[in-house]
Amino acid sequence: MPVAIRLKEVTKRFGSITAVNRISLDIEPGELFFLLGPSGCGKTTLLRSIAGFYTPEEGSIHIGDRDVTHLAPDERDTGMVFQSYALWPHMTVAQNVAFGLELRKCTRAEIQQRVAEALAMVQMADRAAAKPNELSGGQQQRVALARALVIRPQCILLDEPLSNLDAKLRHDMRAEIRRICKHAGLTAIYVTHDQKEALAIADRMAILDRGVIQQCGSPQEIYRKPTSRFVANFIGETNFIEGRIRSASNGTAIVETAVGAIASTALPAEPLAQNQAVTLSLRPEVIHVGTEPKDPTNVLRGQLRDTLYLGEIAQHHIALPTANGSPLALKAFELNPKLIGHECEAKEVQLWFRPANAVLLAS
Amino acid sequence: MNRGLSRIIFAVVSLLFAAFFLAPLGIVIRGGFSDSGHFTLRYLIGVFQNPIYAEGLFNSFRIALGTTALVILIALPLAWLTNRYDFPGKRWIGSLILVPMVLPPFVGAIGFQQVLGPYGGLNTLLGIGPVDWLGQMQYGGVIVLQALGLYPIMYLNASAALANVDPAMEEAAANLGCKGFTKFRRITLPLMMPGLFAGGTLVFIWSFTELGTPLILNYTRCAPVQVFDALKEIGANPFPYALVFVMLVSSALLYTAGKLTLGRQAHAMQGKATVATVARPVRGWRGFLVALPFLAVIFVAMTPHLGVLATSFATPGSWYQSILPQHFTLDNYAEALGHEMTIGSIRNSLFYSALAVAFNAALGIAIAFVVVRSDIRGRGVLDALAMLPLAVPGLVLAFGYLAISAHASNMDWVKNSDFWKNLLDVRANPTLFLVIAYSMRRLPYMVRSAVAGLQQTSVALEEAAANLGAGFLTRLRRITVPLISANLIAGALLAFSFSMLEVSDSIMLAQRTDYYPITKAIYELFQLIGLGQYLASALGVWAMAFLAVTIVGASLLLGRKLGALFRI
């Protein structure tokens, strides 16, 4: 049975540094939950606190119905995959995987069977007799996963499990990890600094910075409705345009900016005041360049500075003229691009975007 | 590691130290500060004002510095060569290079004198008159003899440290254009530092307080010999107590200074190296060139013991103004082994040493764990505490035990009970005090080896086991101990062989023939007028052979060759 994991006001300090600052989280049973943030944000500290390698100074941690805040790591029944894999070099692959089962006093036959199943699940059955240092990084990673899963833990904790792998393998493995977690019905907490990994397979994620949760939600919410500049900037690419509220009513705000008035319907929860300083976040892919506006609300004109052709998309850098003279640089993606070639550069272009895609940040 | 357990270990170790180390030491030291019951600094100040004692301390310091430098000079290149090259006969040479470690130096000194004496083999070989080499060299002779006995400690530590350096570190440096000696100096050497520090500390403090070698070479102007000489007039002269105190403090200071400058950073490798070092095969004359330094060191280091071997087979009186003895015989062996105490002494030594090693291993691992893996306050103190026995000459500690035993055996409850008498009165049965003396004196090797192993093993490997539900003892048994087994075996072998060869404790504490350990038996045989050196040599050869067989046997049981015990 998958279990819920609940953190309440968890604080962990190292000397004068507060690595995790009053973090509360409710992770649902069977959820694949991501902790995402730049290095030093406290995500690994939080994961290690859940695993029991750190004891928080304040707050409580529940796994299922159990308060595990002060339990030793070996009493928590979590399966952890370490960033370095931490495979024991003096044991074979099969012995590594069997270790947890031996501790659980399984019979020899059962151990054999479950080790074989676990290794088959990660496609490592043929390397059971190998020593870890004979394996490639991807193979080691899969053995580490099998070792954590074979004990059928209440939840699985993954600490940057793919960071030592190459891009192709990372791509394959992340789908694999989701498949395995969902197949086993496991609650999983996954720490990474790779937003693509999180967006691709997370059910929900929390963005951490300086020990504090900046935002928590589904990949779509995080990506499409960031609530702070930090989150908008950290996840994906974006353009920031600063301005002041001219009017806000009926779910639409008009923002006075250096490049003119921009309408937004993606508003923050808190009320907006007249003349309040705000920032608009515009993802490059929501800005349409060189096509007839389907929505006449937000239409701007600028100069195409240069274009990077990336195959499926083109990346346009556009300079928008402003009132004070120095142009505003804007990045826009064009899918299935037509605006390519040198003849396009320095060309006057028209660009437009929907008010729903201009995310208004109250800072 | 959990704090409660760390504190318990801390408390137990402190208690053991208080009872078996500080108490006997305290009895000895108290004499240095006590003037008929009153506290005085007169004797301590007197040590520095007395030109003889000051010179003795200075000489000991020079000896220690010289020995350590020479040992590094011998061991580091050898360790590097064995790590990098695969040369013909490496297996055997790698084992032979360690042999001096299991040769008792005080037995070797008999052979040394036969070879280097005025009428010995070397002068005859060179065809020159009676030159007194040992007399000429003064403390240089002590340095050379000690270095020849101690370099295996450094070699083992350096080899283990090199084997633990991830080759990727060097490859990364090479990739950035760093090569040759610069690469070694900038990358490899800093990464080896914990291992080198472990070895260097052992050698330095050992040679600083070594008694046997200068005593037998008759070099009396160093602190340990001065202490030994003064012990004869114990009670009348409080200066040796003060001298011991100075040596104790300076050893502790040296250790701390070394730790602060060299051992400060523990460079933990992420797990073990991901790529194995591949020793480059060298054959033909190049292979011989690589093997040559090993052969040279082995030859020079074994010379004293070859001298012992030759003496043991020599017809008494037949090795005089000749390169080798003129007449050979087996009578020395027959006589030595026929002696009533010989066989018993071998059995006794094995029993004492095995007990001491078992006790040591348990204590050493526990201490290393607290020092490396816990964050309790005072773990640095524990580390320093465990090193203290190295700073204390064996005979001072032995004297302290004698004093305790004498005190205890005067109690009525000891006098009236056979059990307590056998336990506490060394005149009845020295087993307890001998085992404790051996353990205490060799504990530092175990602790240093275990600490170095733990420092170089990623803590994530233990965390992974904890995560799967392994409790502390299971983790220790299944993960940590196997991972640092090379270090532990190295430490245990050192502790075992040194216990077998322990001189000062054995000579002072064992007072009944049926409880003699092997070294005391050799010493007793040596005292016999006329035949002494021949019989002592014969038993010495037996002891060396037996020790070699024991250690090789242990390495065979482990399924590894001796030289590879120290690599994973």
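The values are calculated or read from the model by the stated rules, or taken from the named source; none is laboratory data. If you're wondering where the values come from, they're calculated on a predicted model, not measured in any experiment. FYI the Cβ positions are ideal-geometry reconstructions off the backbone, even for glycines, and counts take in every protein chain you see. SASA here: full protein model, heavy atoms, side chains in, ligands and nucleic acids out. Shrake-Rupley method; radii C 1.70, N 1.55, O 1.52, S 1.80 Å.
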Q. Of all DSSP beta bridges in region A:5-231, what percent run antiparallel (nearest 5)?
A. 50 percent
Q) Of all DSSP beta bridges located in the protein assembly as shown, what percent are antiparallel, nearest 5? A) 75 percent
Q. Put +1 on the Cβ of every Lys and Arg and -1 on every Asp and Glu Cβ in the protein assembly as shown; which of B:Ile27, B:Gly378, A:Ser60 then has its Cα farthest towards the positive end of the dipole?
A. A:Ser60
Q. With helices defined as uninterrupted DSSP H runs, which ones in chain B have an alpha carbon span along their own long axis of at least 20 Å and mean Kyte-Doolittle hydropathy of at least -1.0?
A. B:3-17, B:51-84, B:139-164, B:189-209, B:239-261, B:284-313, B:340-373, B:394-409, B:431-455, B:485-501, B:532-557
Q. What list of whole percents do you get for P(r) of region A:188-249, with Cα-Cα distances grouped in 5 Å bins up to the one holding the largest distance?
A. 3, 16, 28, 22, 14, 8, 5, 3, 1, 0
Q) How do B:Leu424, B:Leu73, B:Leu528 rank by accessible surface area computed with a 1.4 Å probe, from largest to smallest? A) B:Leu73, B:Leu528, B:Leu424
Q | Sequence-distant lysines (8 or more away, or on other chains) whose Cα lies within less than 29 Å of A:Lys43 | A | A:Lys8, A:Lys12, A:Lys168, A:Lys182, A:Lys196, A:Lys225, B:Lys272
Q) What per residue convex hull volume, in Å³, comes out for region A:5-231 when only alpha-carbon positions are used? A) 124 Å³
Q | Cα-Cα P(r), the protein assembly as shown, percent of pairs per 10 Å interval | A | 2, 10, 16, 18, 15, 13, 10, 7, 5, 3, 2, 0
Q: Report the local net charge at A:Pro153: Lys and Arg +1, Asp and Glu -1, summed over other residues whose C-beta lies under 14 Å from its C-beta.
A: +3
Q) Which of the GluC sites (Glu not before Pro) found in region A:235-315 are loop residues per DSSP with 13 or fewer other Cβ atoms within 10 Å of their Cβ? A) A:Glu237, A:Glu312
Q) lysines near A:Lys105 by alpha-carbon distance under 26 Å, same-chain residues fewer than 8 away left out - which ones? A) A:Lys131
Q: In whole Å, largest first, what are the principal axis extents of the Cα atoms in region B:309-373?
A: 60, 30, 11
Q: Send over the per residue convex hull volume for region A:219-336, Cα only, as a whole number of Å³.
A: 126 Å³
**Q.** Selection from A:Ala51, A:Ala120, A:Ser39, by position along the positive dipole direction of region A:1-124 (Cβ)
**A.** A:Ser39
**Q.** Test item: Cα-centred dipole of region A:252-361, Lys/Arg +1 and Asp/Glu -1 on Cβ, debye
**A.** 60 debye
Q: For chain B, would you read off the P(r) tail past 45 Å as a percentage of all alpha carbon pairs?
A: 16 percent
Q. Where does the charge balance sit around A:Leu360 when Lys and Arg score +1, Asp and Glu -1, over other residues with C-beta under 12 Å from its C-beta?
A. +1
Q: For B:Arg347, A:Arg108, B:Arg512, A:Arg147, give the ranking by accessible area with the largest first, probe 1.4 Å.
A: A:Arg108, B:Arg347, B:Arg512, A:Arg147
Q. Just the accessible area per residue of the protein assembly as shown, please: how many Å² with a 1.4 Å probe?
A. 43 Å²
(Q) Using the Cα centre of region A:5-231 as the reference point, and only Cβ charges (+1 on K/R, -1 on D/E), how large is the resulting charge dipole? Debye, rounded to the nearest 20. (A) 260 debye
Q: Give me the Kirkwood hydrodynamic radius of region B:294-435, using the inverse of the mean 1/r over all pairs of distinct Cα atoms, in Å to one decimal.
A: 20.1 Å
Q: Using a 1.4 Å probe and counting only protein heavy atoms, arrange A:His316, A:His62 so the residue with the most accessible area comes first.
A: A:His62, A:His316
Q: Under a 10 Å cutoff between Cα atoms, tell me which one of A:Ser163, A:Ser326, A:Ser16 has the largest fluctuation in the Gaussian network model of chain A.
A: A:Ser16
